[in-house]
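First up is the structure itself, then whatever we jot down about it.
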Amino acid sequence: MSQTSQVNTGGDAAAQERSTGELVQQMTAQVSTLVRDELKLAQVEMAGKGKQAGLGAGMLGGGGLIALYGVGCLIACAIIGLSHVVQPWLAVLIVGVALLAVAGVAALMGKGRIQQAAPPVPTEAVDSVKTDVEEIRGRARR
């Protein structure tokens with residue numbers, strides 16, 4: 001609402017006030033500008049949240065890939081028997097559990113990133129619109 005009302009300084013009181021048509025025209029222009037600005041804010045906010053969701057999804061995918069390597073390691077260890085120090089099944093279990101633990105950590109980190117992007121609602125824009133509506137209601141009561 002960057003426009004201010006201008007009042008003529010000369011003449012009687014009726015000439016000093018704006019006509020209803022002028023006020024409606026001014027209100028229409030201000031509402032249009034306000035809506036455009038709020039949409040721009042929502043677009044910027046959603047782009048940031050999209051980046052966070054993308055990073056989280058990538059980390060989850062990385063965790064899944066590491067889990068796949070863990071499964072491959074478990075199969076390879078079961079087939080060839082890695083060690084004579086401990087029984088082969090125990091060696092396979094140790095390596096597989098370690099890789100799956102790494103995958104779990106990566107998945108939890110990815111989940112945290114995705115939760116930072118949630119909810120996928122432009123909260124700043126919503127708050128701004130609520131503030132604008134309250135301002136308009138307050139001015140309408142005067």
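The values are calculated or read from the model by the stated rules, or taken from the named source; none is laboratory data. What you see is a predicted model, and the numbers here were worked out from it, not measured in a lab. When we count neighbours, we look across all protein chains shown, and the Cβ atoms used for this are built from the backbone with ideal geometry, even at glycine.
When you look at V133, is it more than 22 Å from A47 (Cβ to Cβ) and either among the aromatic types (F, W, Y) or surrounded by 15 or more Cβ atoms within 10 Å (Cβ to Cβ) (or both), yes or no?
Considered against the rule, which asks whether it is more than 22 Å from A47 (Cβ to Cβ) and either among the aromatic types (F, W, Y) or surrounded by 15 or more Cβ atoms within 10 Å (Cβ to Cβ) (or both), V133 comes out as no.
Being surrounded by 13 or more Cβ atoms within 10 Å (Cβ to Cβ), out of contact with any helix residue (DSSP H, G or I) (no Cβ under 7 Å at 6 or more places or on another chain) and in contact (Cβ under 8 Å) with a residue 12 or more places away in the chain narrows it down to one residue among Q52, Q30; which is it?
Going through Q52, Q30 in turn, just one is surrounded by 13 or more Cβ atoms within 10 Å (Cβ to Cβ), out of contact with any helix residue (DSSP H, G or I) (no Cβ under 7 Å at 6 or more places or on another chain) and in contact (Cβ under 8 Å) with a residue 12 or more places away in the chain: Q30.
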*Which residue out of A91, A101, A140 is farther than 30 Å from L23 by Cα and exposed (fewer than 13 other Cβ atoms within 10 Å of the Cβ)?*
A101
_Checklist (1) modelled with pLDDT under 80; (2) at negative phi applied to A103, failing item_ = (1)
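Here is a list: G58, G72. Which entry is in contact with a Lys or Arg (Cβ under 9 Å, 6 or more places away or on another chain), exposed (fewer than 15 other Cβ atoms within 10 Å of the Cβ) and in a helix (DSSP H, G or I)?
The match here is G58.
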*Search segment 75-124 for residues being part of a helix (DSSP H, G or I) and polar (S, T, N, Q), and hand back the single one that is farthest from L41 (Cα to Cα).*
Q115
*From G81, G96, G64, which residue is of a type outside the set (S, T, N, Q), at pLDDT 85 or above and surrounded by 12 or more Cβ atoms within 10 Å (Cβ to Cβ)?*
G64
